[in-house]
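Since the structure comes first, as structure tokens, the remarks are kept for the end.
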Amino acid sequence: MRIKFWGVRGSIPVPGNTTIRYGGNTSCVQVLPSDDTILIIDAGTGIRKLGKELMQGVCGRGGGDIHLLISHTHWDHIQGLPFFAPSYRESNRLTVYARGREDCHLDVVLKSATTDPYFPIPLDAVQAEVSFRELTEGESFDIGVCQVQCTRLNHPWIALGYRIQEGDKAVMYVSDTAPFSDVLLEHDFISEPPKPGDRPTPDQAEKLQQMEEDLVALCRGCDIIVFDTMFTEPEYRQRPHWGHSAPVHAIDIARRAGVGRLVLFHHAPNRTDEQVDEILAEARSLAPDLEIIAATEMAELEV
């Protein structure tokens, strides 16, 4: 099993001469299992280029069976979906998986992003057969030869982390999440950060602890963790309510889960290549016991 990075940024795509090495597209990771199942995690702008490549193979002939796991439906994780070329070829099949919401169904959420006046082609009008599967945290299911499990993350409106396993090889995708210590993020956006000295209520603290334990348990036994490290530590302390982590938080989870390979992911849009280099160097100095790399567009890793 291999993984390939097609988009590694958070929030907004940032093409330009300061993001050439690591890339400027938003979140999209492809998992390549041994049976050639087409398995994608998140549909940021990186999925456009992936779709073009898939059209050179079975998807271009109308025989593609594509499985798309969505961590959550914030813009930077779905904004490439209307530009995904296999959706526009008859006889392709696209199954979209994401956490179910209580207020509206998944298909309504995604279809609303492509209706007038936001986009000229509604999702209902694409030629491929599109279906939706709503998930609950803790769910486990199979896609081809892969077993997929999901767990809840600490992010506004709630995101899912995914473990994808084939045989004895497994990768964990954790984006977006804040650590589980300072604030519980649920079905809203907290406009102001907690005041100095504020702590979660006992009920919130218990819930956060359980979420963290579930994440560590799902990471255990993985070969690689791809982890949201959008912030530095000082940035996190300023914005703990935004739902993102720093490398020190990812290192803690990796160590507790006994995972030796960590990929820093969801780079901040204002971060230059040189600044990502600095964050990577600092993370490596904090954890010489781990193999740490920074996610790079078009890079491919053996799991």
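So which residues in the range 126-167 are basic (K, R) and buried (at least 19 other Cβ atoms within 10 Å of the Cβ)?
Of everything in the range 126-167, those that are basic (K, R) and buried (at least 19 other Cβ atoms within 10 Å of the Cβ) turn out to be R152, R163.
When you go through I41, I66, I47 one by one, which is the residue that is in contact (Cβ under 8 Å) with a residue 12 or more places away in the chain and touching a Pro at 6+ places or on another chain (Cβ under 9 Å)?
I66
Hey, can you tell me all the residues within the range 59-72 that are closer than 28 Å to E139 by Cβ and part of a helix (DSSP H, G or I)?
Across the range 59-72, the qualifying residue is only C59.
Is there any pair linking a residue in the range 119-135 that is within 17 Å of G80 (Cβ to Cβ) and small (G, A, S) to one that is modelled with pLDDT of 90 or more and in a strand (DSSP E or B), with Cβ under 6 Å and at least six apart or on different chains, and which?
Filtered contacts from the range 119-135: A128/L94.
Any residue that is buried (at least 19 other Cβ atoms within 10 Å of the Cβ), touching an Asp or Glu at 6+ places or on another chain (Cβ under 8 Å) and at negative phi - is there at least one of those in the range 222-230?
Within the range 222-230 (the criterion being buried (at least 19 other Cβ atoms within 10 Å of the Cβ), touching an Asp or Glu at 6+ places or on another chain (Cβ under 8 Å) and at negative phi), the answer is yes, since at least one residue qualifies.
Among the residues of the range 189-200, is there at least one that is buried (at least 18 other Cβ atoms within 10 Å of the Cβ), out of contact with any His (no Cβ under 6 Å at 6 or more places or on another chain), of a type in the set (G, A, S) and within 20 Å of H74 (Cα to Cα)?
Within the range 189-200 (the criterion being buried (at least 18 other Cβ atoms within 10 Å of the Cβ), out of contact with any His (no Cβ under 6 Å at 6 or more places or on another chain), of a type in the set (G, A, S) and within 20 Å of H74 (Cα to Cα)), the answer is no, since none of the residues qualifies.
Does L218 count as without any contact (Cβ under 8 Å) to a residue 40 or more places away in the chain and closer than 24 Å to M1 by Cβ?
The answer is no for L218.
Considering each residue of the range 246-263, count those that are surrounded by 23 or more Cβ atoms within 10 Å (Cβ to Cβ) and in contact with a Pro (Cβ under 6 Å, 6 or more places away or on another chain), and give that number.
Residues that pass the stated criteria total 0.
Of the residues that make up the range 84-102, is at least one at pLDDT below 95, hydroxyl-bearing (S, T, Y) and crowded, with 16+ Cβ neighbours inside 10 Å?
Within the range 84-102, not a single residue is at pLDDT below 95, hydroxyl-bearing (S, T, Y) and crowded, with 16+ Cβ neighbours inside 10 Å.
Table: residues versus (1) among the aliphatic types (A, V, I, L, M); (2) over 22 Å from N25 (Cα atoms).
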| position | (1), (2) |
| --- | --- |
| F84 | no, no |
| S91 | no, yes |
| V96 | yes, no |
| R99 | no, yes |
| H105 | no, yes |
| S112 | no, yes |
| P117 | no, yes |
| P122 | no, yes |
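Could we say that A283 is over 18 Å from the mean Cα position of the chain (by Cα), buried (at least 20 other Cβ atoms within 10 Å of the Cβ) and without any contact (Cβ under 8 Å) to a residue 60 or more places away in the chain here?
The answer is yes for A283.
Mind counting the residues in the range 272-303 that are part of a loop (DSSP other than H, G, I, E, B) and either of a type in the set (V, I, T) or touching a Ser or Thr at 6+ places or on another chain (Cβ under 8 Å) (or both)?
Within the range 272-303, residues that are part of a loop (DSSP other than H, G, I, E, B) and either of a type in the set (V, I, T) or touching a Ser or Thr at 6+ places or on another chain (Cβ under 8 Å) (or both) number 3.
Can you name the residue in the range 73-87 that is in a helix (DSSP H, G or I) and either among the small types (G, A, S) or touching a strand residue (DSSP E or B) at 6+ places or on another chain (Cβ under 9 Å) (or both) and is also nearest to M172 (Cα to Cα) among such residues?
Among residues in the range 73-87 that are in a helix (DSSP H, G or I) and either among the small types (G, A, S) or touching a strand residue (DSSP E or B) at 6+ places or on another chain (Cβ under 9 Å) (or both), the one nearest to M172 (Cα to Cα) is H77.
The values are calculated or read from the model by the stated rules, or taken from the named source; none is laboratory data. Keep in mind that what you see is a predicted model, and the values were worked out from it rather than measured. With ideal geometry, Cβ positions are generated from the backbone for all residues, glycine too; neighbour counts draw on all protein chains shown.
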